[in-house]
1. Condition first: of a type in the set (A, V, I, L, M) and more than 11 Å from Ala79 (Cβ to Cβ). Now tell me which residues in the stretch 104-134 satisfy that.
2. Which one is nearest to Leu36 (Cα to Cα) among residues in the stretch 55-64 that are out of contact with any Asp or Glu (no Cβ under 6 Å at 6 or more places or on another chain), assigned to a helix (DSSP H, G or I) and in contact (Cβ under 8 Å) with a residue 24 or more places away in the chain?
3. Quick check, is Arg4 among the charged types (D, E, K, R), crowded, with 16+ Cβ neighbours inside 10 Å and at pLDDT below 95?
Amino acid sequence: MVKRENMKPEEIKPEEVYKIIEKLAREGNPPSKIGLILRDQYGIGDVRKVTGKKLSRILEELGFKKEVPEDLTNLLKKAVKLLNHLSKHKKDFRSKRALEILEGKINSLAKYYIRKGKLPKSWKYDRERVALLIR
């Protein structure tokens with residue numbers, strides 16, 4: 001695969017983009033990082049203009065669909081870090097408040113994904129379960 005710094009996105013074939021995306025996904029890169037690599041190294045600012053499909057759709061077609069969407073996963077990781085911190089520092093009220101706000105964001109985003117069908121209807125945020133889910 002040749003990097004295409006000097007080529008315009010219109011000159012790159014959709015098949016090449018599919019191969020690049022598949023290679024990057026196999027390396028374990030999340031969708032956001034794949035988008036950044038495509039933009040910075042290959043000069044593809046918008047995957048949809050080249051292929052006619054969103055990056056997430058292409059990843060689903062290639063079989064790289066995640067159980068939990070990436071933005072929700074990032075919030076869950078942050079919650080696990082805060083929970084670990086609070087287990088050691090019980091008097092840190094600022095972090096307790098930050099955790100409450102973060103859990104509100106998680107619940108709102110989860111409700112949206114349940115409504116859109118990307119999460120099962122039975123999915124619930126649980127402090128004990130989320131630590132196991134993230135590892």
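1. Residues satisfying the conditions are Leu109, Ala110, Ile114, Leu119, Leu132.
2. The first filter runs over the stretch 55-64 and keeps only residues out of contact with any Asp or Glu (no Cβ under 6 Å at 6 or more places or on another chain), leaving 55-61, 63-64.
Narrowing the set further to residues that are assigned to a helix (DSSP H, G or I) leaves 55-61.
Those left that are additionally in contact (Cβ under 8 Å) with a residue 24 or more places away in the chain: 55-56, 58-59.
Values: Leu55: 11, Ser56: 14, Ile58: 16, Leu59: 15 Å.
Ranking the candidates gives Leu55 first.
3. Details: among the charged types (D, E, K, R): yes; crowded, with 16+ Cβ neighbours inside 10 Å: yes; at pLDDT below 95: yes.
So Arg4 fits the description; yes.
The values are calculated or read from the model by the stated rules, or taken from the named source; none is laboratory data. Keep in mind that this is a model prediction, so the values were computed, not measured. For neighbour counting, all protein chains shown are included, and Cβ atoms are generated from backbone atoms with ideal geometry for every residue, glycine included.
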